[in-house]
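One structure below.
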């Protein structure tokens, strides 16, 4: 069984008397160590896709199996647990806790897992070292550059050793030089065996990925495995 | 659960510290509330324990019997009386009585003169048994003796306050004072007892009972009061019951008539005072605790603002795995800690205030904070914190992660 299996996923929103079909019958499977990009214009349903993949939202109909678990049968607390154990989020606007240091931010998901303070520190330091921020652990987010903040966010996503890393426009707020650095980091993570799903509207970003799923009007428009994927070492 | 509590407290403390000034202002309502409750309680309880101590010196197992005329009867010119015969009766037939003495108050004039000084005092005629019954002992000189009474000697025992008022020498023994136009020789002075509710217990002049009777002249139907002390095994309640029956028979009261006398125990008197003080404590404390409620509403208000302000943070926490109880606990504990910290600060300020009040008013008893009031103040402020923290905390915990993440 694939790591992620979506079958017949729909997501409808009611806007007044109009029904908006954000997702309209998605069937897709993602294997372990896949490196996948969802692309599409705004309103194509890729953000809704990300919310459902990230267990932040539930589909209107359809089945979602993550790591052989049937996700849509779970309640809010169980979804929190799934997010904590299986998913690492990387957001466009970094979404770091403003009053916590880099180390505190990376330790935070481990708090919800019930891991003690010293063990948390150890794991968080390891993750920060992995993204190359071992010397910035005591800085608050507003003392860090955009690229550094995104690295902290990536460390926070990595620290729980999740099944998938979900990135939502990870370079949208970054300059081109930092973008390249972050995408290099993604490529490295992929080669280390992580499963990455990136939502983006930039072709350049998507070109890093092995598989590109183009979405349009809530449907999968094109699903291609690219062989020109740049894998840097 | 314990782990979650510790982690929530940790982040709550960080948040309180990060918003130092705001946290302080938020909790000010609780600080003021607790401070005033503690100040009120400490002052009134200090007074109460002081009164308790004072009454203990009055002799806890003594009874006082006096005549009692209802107001309506007074209007009709009827006066109830206790007579020496009543006392004889009680002396003969009463049970459980250790000693008994009549007390006859000077009715015409309570003026007392020494040289050019004039003072007003409580002048009483009584017997040597008075010192045992009222626990009044001599500091210098001697008490009234049986022979003083038998021979109607013009001698007096005075309290410390009287000596002061009359400018008598430190040792006033053998000085003469004038009471009702007669000269009395001072033979003894009582040990000072202090004040009860601003009423000096040392402002009294004791003369022999028979001397006082002759001084009052031809009032054959003099109204006396009777003080008696009980034997150790006697029960005040039983004795006063028995005496009531005895006196009702002696006064020929029909069963539908009210008693024309009252029997008072020192304990009763103390309980009356205690009741009054407790009432005052409860009423003022109640009024003041309204400010605690107001303080709680202030906390709720700020917590609600804080939840809105931190909506995005809550969304982030939920996205990385926070469950409902994590968020709920964090905000609830933040509210609880805010009000508990306020309670602690208020406790200190209240204690200082109470001490200041009781020290700055002369003859006021020292402040006394009973442990229950500390517990109550902290318990109540904790309760307020939880009560008014629940709404914001629940609001935070119930936020939808997507909406919260999108919140700008």
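Tell me yes or no: at least one residue of the range A:180-189 is part of a loop (DSSP other than H, G, I, E, B) and surrounded by fewer than 23 Cβ atoms within 10 Å (Cβ to Cβ). No, because not a single residue in the range A:180-189 is part of a loop (DSSP other than H, G, I, E, B) and surrounded by fewer than 23 Cβ atoms within 10 Å (Cβ to Cβ). The set of residues from the range B:32-46 being surrounded by fewer than 24 Cβ atoms within 10 Å (Cβ to Cβ) and modelled with pLDDT of 85 or more comprises B:32, B:36. Residue pairs whose Cβ atoms lie under 7 Å apart, separated by 6 or more positions or on different chains, with the first residue in the range B:1-14 and facing chain A (nearest Cβ under 9 Å) and the second in a loop (DSSP other than H, G, I, E, B) and surrounded by 13 or more Cβ atoms within 10 Å (Cβ to Cβ), are B:14/A:99. Against the numbered list (1) away from chain A (no Cβ under 11 Å); (2) closer than 23 Å to residue A:76 by Cα; (3) buried (at least 24 other Cβ atoms within 10 Å of the Cβ), residue B:335 comes up short only at (2).
Applying a threshold of 6 Å to beta carbon distances and a minimum spacing of six or more residues, or different chains, the list of pairs starting in the range B:171-194 at a residue that is outside the structural domain of residue B:211 (by TED's automatic domain parsing) and ending at one that is at pLDDT below 90 is empty.
Given the structure, is residue A:43 out of contact with any helix residue (DSSP H, G or I) (no Cβ under 6 Å at 6 or more places or on another chain), within 14 Å of another protein chain (Cβ to nearest Cβ) and not in a strand (DSSP E or B)? Against the criterion (out of contact with any helix residue (DSSP H, G or I) (no Cβ under 6 Å at 6 or more places or on another chain), within 14 Å of another protein chain (Cβ to nearest Cβ) and not in a strand (DSSP E or B)), residue A:43 does not qualify. Within the range A:82-104, how many residues turn out to be facing chain B (nearest Cβ under 9 Å), touching a residue at least 24 places away in the same chain (Cβ under 8 Å) and outside any loop (DSSP other than H, G, I, E, B)? Selection size over the range A:82-104: 7. Residue under question is residue B:378, and the condition is that it be assigned to a helix (DSSP H, G or I), closer than 15 Å to residue B:27 by Cβ and at pLDDT 90 or above; does it hold? In short, no.
All told, residue A:69 meets the bar of being surrounded by fewer than 22 Cβ atoms within 10 Å (Cβ to Cβ) and either at pLDDT below 90 or more than 14 Å from every other protein chain (Cβ to nearest Cβ) (or both). Yes or no: the range B:270-292 includes at least one residue that is within 14 Å of chain A (Cβ to nearest Cβ), at pLDDT 85 or above, surrounded by fewer than 15 Cβ atoms within 10 Å (Cβ to Cβ) and part of a helix (DSSP H, G or I). Within the range B:270-292 (the criterion being within 14 Å of chain A (Cβ to nearest Cβ), at pLDDT 85 or above, surrounded by fewer than 15 Cβ atoms within 10 Å (Cβ to Cβ) and part of a helix (DSSP H, G or I)), the answer is no, since none of the residues qualifies. For the range B:298-320, the count of residues that are within 14 Å of chain A (Cβ to nearest Cβ), free of Cβ contacts under 8 Å to residues at least 24 places away in the same chain, surrounded by fewer than 21 Cβ atoms within 10 Å (Cβ to Cβ) and in a helix (DSSP H, G or I) is nonzero. Here residue A:114 meets the list (1) within 11 Å of chain B (Cβ to nearest Cβ); (2) surrounded by 17 or more Cβ atoms within 10 Å (Cβ to Cβ); (3) in contact with a helix residue (DSSP H, G or I) (Cβ under 6 Å, 6 or more places away or on another chain) almost entirely, failing just condition (2).
Residue-wise test of (1) assigned by TED's automatic domain parsing to the domain that holds residue B:379; (2) more than 30 Å from residue B:18 (Cβ to Cβ).
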site: B:255; (1), (2): no, yes
site: B:269; (1), (2): no, yes
site: B:288; (1), (2): yes, yes
site: B:314; (1), (2): yes, no
site: B:327; (1), (2): yes, no
site: B:334; (1), (2): yes, no
site: B:338; (1), (2): yes, no
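Scanning the range A:56-65 for residues that are buried (at least 18 other Cβ atoms within 10 Å of the Cβ) and away from chain B (no Cβ under 14 Å) turns up A:62, A:64. Among the residues of the range B:323-371, the ones that are over 30 Å from residue A:55 (Cα atoms) and part of a helix (DSSP H, G or I) come to 27 in all.
The values are calculated or read from the model by the stated rules, or taken from the named source; none is laboratory data. Because the structure is predicted, anything quoted here is derived from the model rather than measured. Cβ: placed from backbone, ideal geometry, glycine included. Neighbour counts: every protein chain shown.
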